Amino acid sequence: MVEIRLPLDIESLEIISQSTDTQGSIIFEVRSKKSHSTCHKCGKAATKRYGKAPKLKIKHLPILDTPVFLVIRPIRYECEHCDDHPTTTEQYDWCDRRSSITKGLEKYIMRNLIHSTIQDVSRKDGVSYETVESALDRQVNQEVDWSDYDNLATLGIDEISMKKGYQDFVTIVSARPESGPLSVIAVLPNRLKATVLAFFLSIPKVLRSTVKTVCTDMYDGFVQAATEVFGAGAVVLDRYHVAKLYREPLDALRTKEMEHLKAELPGEEYAKLAGMIWILRKKHECLSDADKTTLKALYKHSPKLKSAHGHALRLTHIFNTKTNRKAAVAKLNRWITRVRKSGVTCFNKFIKTLLKYKSGIANYFKARKNSGFVEGLNNKIKVAKRRCYGLLKTTSLFQRLQLDLIGFVKYA
């Protein structure tokens, strides 16, 4: 076999010897180039050697898929500054105290852990489950480190259920800075207004002033907490949640009308209305000629559904049209007036919601911000929960989301 010699990637160490053990692992016997250690008592430099500690065997980055171990015998130093002359064993910048792996291997493990599980990485990298877990705790904070941010720009708030059956909700707060990747800045243990408010107030004032938009759904706890801290003008209620609210009554009316038509129309005529659920949900410009023919037939048999569908299309058009906030509010008011005059009652509940949250809904038209990035993050959370067979602790969920979102940037 050809012998390959590579320089060690840790500058503070020098290689004494190189060998291979019975398992085929590469063993480097090394020593430190340092000539002192920091006294654990007074914090000053201890330079007088006082024996050696037992040998340490620390796993390092693999070479050509072969495990690599560093064997080192730490030097003990006696402090001449302290009266009782305590001894201190030298510590290394390439390995944490009592760790069985180097920091270089820890970062390698973090890359492997992105979109994976601790159990899988443990098996692939040949280290224990506890070692991977400890490396994760050292490398990824369990809560946000504000020094990593110089601005927050856009925040997103949403809740997610930690258990089946929509139980045990936690609140996910994410940030989308003006430059840099999307990241999670908090996983809160519940969705109470007081909890969310306390977190917002814990954001350093300098960073808090950089928040321009807070995207959320219509949950009052989120809306009120964001309004108190960032002001009503910053709170944007997601347009897609709004769309869901006015499409639900349209769907309910469609179901009711189709049942009525099924009882009234001959089977052959009713069959022409097949697939109406999807046709009513499409944008008008996306309809095929066949869809338009089917829709025309439905309009003929159900003027009530025609009117309701027309109102829903007009509201969608308002949100799809680029306009300023003032003009958008005027259009929404005209839409409400038109619906009330038409006699269509299926939107009555939605109109009450629209009037209650009109300010936050209208803020969408300032910069057309929405919660699309929040919904995308929710999908990542669901995948992570399935992949890890559940993440029951908020700190664990925070770490795994941080790793999945910015791991490739941090550990590249």
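The values are calculated or read from the model by the stated rules, or taken from the named source; none is laboratory data. Quick caveat, the model's predicted, so the values are computed rather than measured. Here the Cβ is made from the backbone with ideal geometry for all residues, glycine too, and neighbour counts use every protein chain on show.
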Could you identify the single residue in Thr395, Thr323 that is in contact (Cβ under 8 Å) with a residue 12 or more places away in the chain, more than 30 Å from Pro266 (Cα to Cα), assigned by TED's automatic domain parsing to the domain that holds Lys244 and surrounded by fewer than 17 Cβ atoms within 10 Å (Cβ to Cβ)? Thr323
So which residues in region 117-131 are surrounded by 18 or more Cβ atoms within 10 Å (Cβ to Cβ) and under 21 Å from Ala384 (Cα atoms), if there are any at all? Ile118, Val121, Ser122, Asp125, Thr131
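Residue by residue, here is whether (1) over 23 Å from Leu245 (Cβ atoms); (2) in the same structural domain as Asp251 (by TED's automatic domain parsing); (3) small (Gly, Ala, Ser); (4) at pLDDT 90 or above holds:
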residue	(1), (2), (3), (4)
Cys286	no, yes, no, no
Asp291	yes, yes, no, no
His301	yes, yes, no, no
Gly310	no, yes, yes, yes
Val329	no, yes, no, yes
Cys346	no, yes, no, yes
Filtered residues of region 70-88 (kept if under 29 Å from Thr20 (Cβ atoms) and surrounded by fewer than 17 Cβ atoms within 10 Å (Cβ to Cβ)): Val71, Arg73
Return yes or no: is Arg191 within 30 Å of Val344 (Cα to Cα) and of a type in the set (Lys, Arg)? no
Hey, can you tell me all the residues within region 17-37 that are farther than 22 Å from Asp83 by Cα, in a strand (DSSP E or B) and not hydrophobic (A, V, I, L, M, F, W, C)? Ser17, Gln18, Ser19, Thr20, Glu29, Arg31, Ser32
Would a scan of region 234-255 turn up a residue that is part of a loop (DSSP other than H, G, I, E, B) and either over 19 Å from the mean Cα position of the chain (by Cα) or surrounded by fewer than 20 Cβ atoms within 10 Å (Cβ to Cβ) (or both)? no
Within region 158-175, does at least one residue satisfy the condition of being in a loop (DSSP other than H, G, I, E, B) and in contact (Cβ under 8 Å) with a residue 40 or more places away in the chain? no
